[in-house]
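The values are calculated or read from the model by the stated rules, or taken from the named source; none is laboratory data. Please read these numbers as outputs of a predicted model, since none were measured by experiment. Here the Cβ positions follow ideal geometry from the backbone for every residue, glycine too, while neighbour counts run over all protein chains shown.
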Amino acid sequence: MLLPWTTRILIFSLLIHLVQPSAFLSRPDISAPTVTVHINHLDAASNDLISLTSWYTGHDGPYLFDLRGNLVWDGHKAFEKTPAIDEVLPSGSNVHNLHFVQYQGAPHLAFSTVERDSEGLNTGGKNIIMNSSYAIVEVFDKPDGFTEFDPHEFRLVDNSTAILQTGRIRHPSTSPFSINGEVAESAFQLVDVFSRKVNFEWRSLSHVPENETCLKIPQLDYYHINSVDKDFQGNYIINAYHACSITKINGTDGSIIWRLGGEGSDFKMIDGYKLMHMHHVRIRDFADVRIPKELLGKVSKQTHLALSIFDNGFFFLGKGVPTAGSSSAIVVLLDLDAMTGQVMERYTQPQGMYGALFGSVQFLANGDRFIGWGGQRGFSQYTQNNELLLHAEIANEVMPTWSYRTFKAPWSARPTTQPDLYTYSWNCHWKTSMYASWNGATDVTSWRFYGSPFEDSGFEEITFVVKDGFETRAMAPVFAAYAYVEALHTDGSVLGRSATVKTKVPKSEWAPLCNELRCWQGFDWTEQGGLGSCNEFSADLFRGMLAQSVLT
């Protein structure tokens, strides 16, 4: 029997997990995706970070990277090291939609988690808000009565309300589009953040028949909402990927006001652009988009609507025919009186490729467009004049990986954890290689290392280096049997201190498997390591080597 495609991908991800090595000696448990930056014309001093969520890598989770492609925060391992959070993101969970939000007047992170069963169904999940110490401050559980959790949309409308997709409810069905006599309807809610009171709920089967699906292959999930936004009148704009349409919903009674895209669109695209396979639809202010000259001064919220849309341009479960030359981010202007639409801006995937799944469009404060290519495994930044400023690819050690949505914003954080340190020496008369990191810390600019022949006394500064990437390597001029490191701010203040660690030294017979920087990846320190003759290493010799290094 052929397994469901979700189960096959999950099995493949487990195999990846078993073979994927770590890149960091100070955090051997971390095997994060890699970000390869191909084009970067942005300010090197920017403190903007990239948020993404890897899928089916064996290390799925929320991640932050800097603009050079360096890992900043591995949320997958951050959860595993915090027992209280294990209950929120159990092992094997997927994460959707890591993004930056303002909550209670301060920057926070928000995302959704998914727990899958053996058949790949989203049987559990939560929506989470996290502060700048990576502590969870709000958790929205899957509401009772929903068979499956739906993680596609979770966003704060303001400080007191949130839009979230609650999950899917299965119903008996006689439709030829159903599977095994069942259909799953999509739903979303507007929820009070503090009381959890549901202020509005919409369910698809109450308003959209099953035959409105645009899929050519029967699917349980006939409608598949993947984005929800709210307009100034309290109505909602939703995108239904399996109906190939964007729909405006009355915010009072849930009735459908109009449809855009697909076979039953109420709008005519005057430029002939085909809207079918879309993600991440957002309402945009006219001041933030390029309005045609002939319409300047003639558009208003009552007569027009501007939408940003990630246009996948292709979907393998649809007709299988591309609707555009590549995936792209577009901005569409709708004339609500004439019921027409036109594309005002379009930013194409740099290699002209399709991402048939996922995708996002972000308007940056400076007017640039930041685009997550979803299933095409990368992200880009364009000016409104279509100048490509940034382009990067997301992958892991084995294969490219997906990110449901990808965003960019300033982020400053100080974790409640300690910095991590790994120290190594080829022998006790050799220098000490030192590797320092601090998962999630954004304000560290340098590292100051201390060493001693003793575990609990006699520590002296042995080297100082500028931070370089997630893990910084330093070479101390002396052998330090024990060491710790301080993480420093740009003003010189100490942000955090690691635990004291014992330097790893290979036994003499195993030293040929090592070099001056490290031993090979699979080195067994239990059997092949040990201080050996270094136990006789004296404090006088340590200070002598340190003094000699100062003189030279």
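Overview of results
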item	result
Matching residues, the range 471-482, being touching a Phe, Trp or Tyr at 6+ places or on another chain (Cβ under 7 Å), under 20 Å from residue 445 (Cβ atoms) and surrounded by fewer than 23 Cβ atoms within 10 Å (Cβ to Cβ)	471, 472, 473, 474
Residue list for the range 158-168, filter: in a strand (DSSP E or B) and of a type in the set (Ser, Thr, Tyr)	161
Residues being under 28 Å from residue 365 (Cβ atoms) and among the aliphatic types (A, V, I, L, M) - total across the range 244-301	12
Residue tally, condition part of a strand (DSSP E or B) and of a type outside the set (Asp, Glu), over the range 267-313	16
Where a residue in the range 23-45 is over 21 Å from residue 350 (Cα atoms) and its partner, wherever it lies, is acidic (Asp, Glu), with Cβ under 6 Å and at least six apart	24/471; 26/420; 26/471; 27/420; 30/74; 32/74
Number of positions in the range 169-202 that are farther than 23 Å from residue 234 by Cβ, part of a strand (DSSP E or B) and out of contact with any Lys or Arg (no Cβ under 6 Å at 6 or more places or on another chain)	6
Pair list, Cβ < 8 Å and 6+ apart or interchain, from the range 343-356 residues that are within 11 Å of residue 375 (Cβ to Cβ) to residues that are at pLDDT 85 or above and surrounded by fewer than 21 Cβ atoms within 10 Å (Cβ to Cβ)	349/326; 353/326; 354/326
Lone unmet requirement of (1) at pLDDT 90 or above; (2) touching a Pro at 6+ places or on another chain (Cβ under 8 Å); (3) of a type in the set (Val, Ile, Thr) for residue 57	(1)
Residue check for residue 22: of a type in the set (Ser, Thr, Tyr), at pLDDT below 85 and touching an Asp or Glu at 6+ places or on another chain (Cβ under 9 Å)	yes
Count of the range 279-307 residues which are under 20 Å from residue 371 (Cα atoms) and touching a residue at least 60 places away in the same chain (Cβ under 8 Å)	7
Total residues in the range 288-326, condition at pLDDT 95 or above and small (Gly, Ala, Ser)	2
Every residue from the range 461-503 that is closer than 22 Å to residue 517 by Cα and acidic (Asp, Glu)	461, 468, 471, 486
Count - residues of the range 351-368 that are crowded, with 17+ Cβ neighbours inside 10 Å and touching a strand residue (DSSP E or B) at 6+ places or on another chain (Cβ under 7 Å)	8
Filter result for residue 423 (surrounded by fewer than 18 Cβ atoms within 10 Å (Cβ to Cβ) and among the β-branched types (Val, Ile, Thr))	no
Matching residues in the range 483-503 - criterion: being of a type outside the set (Phe, Trp, Tyr) and buried (at least 20 other Cβ atoms within 10 Å of the Cβ)	483, 485, 486, 487, 488, 498, 503
For residue 371: the one exception among (1) touching a residue at least 12 places away in the same chain (Cβ under 8 Å); (2) over 25 Å from residue 26 (Cα atoms); (3) surrounded by fewer than 24 Cβ atoms within 10 Å (Cβ to Cβ)	(3)
Checking residue 332 against (1) within 30 Å of residue 45 (Cα to Cα); (2) touching a residue at least 24 places away in the same chain (Cβ under 8 Å), the condition it does not meet	(1)
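So that you can scan it fast, the table gives a plain yes or no per residue for (1) under 27 Å from residue 213 (Cα atoms); (2) more than 20 Å from the chain's Cα centre (by Cα); (3) assigned by TED's automatic domain parsing to the domain that holds residue 100; (4) among the acidic types (Asp, Glu):
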{"residue": "305", "(1), (2), (3), (4)": "yes, yes, no, no"}
{"residue": "310", "(1), (2), (3), (4)": "yes, no, no, no"}
{"residue": "331", "(1), (2), (3), (4)": "yes, yes, no, no"}
{"residue": "347", "(1), (2), (3), (4)": "no, yes, no, no"}
{"residue": "353", "(1), (2), (3), (4)": "yes, yes, no, no"}
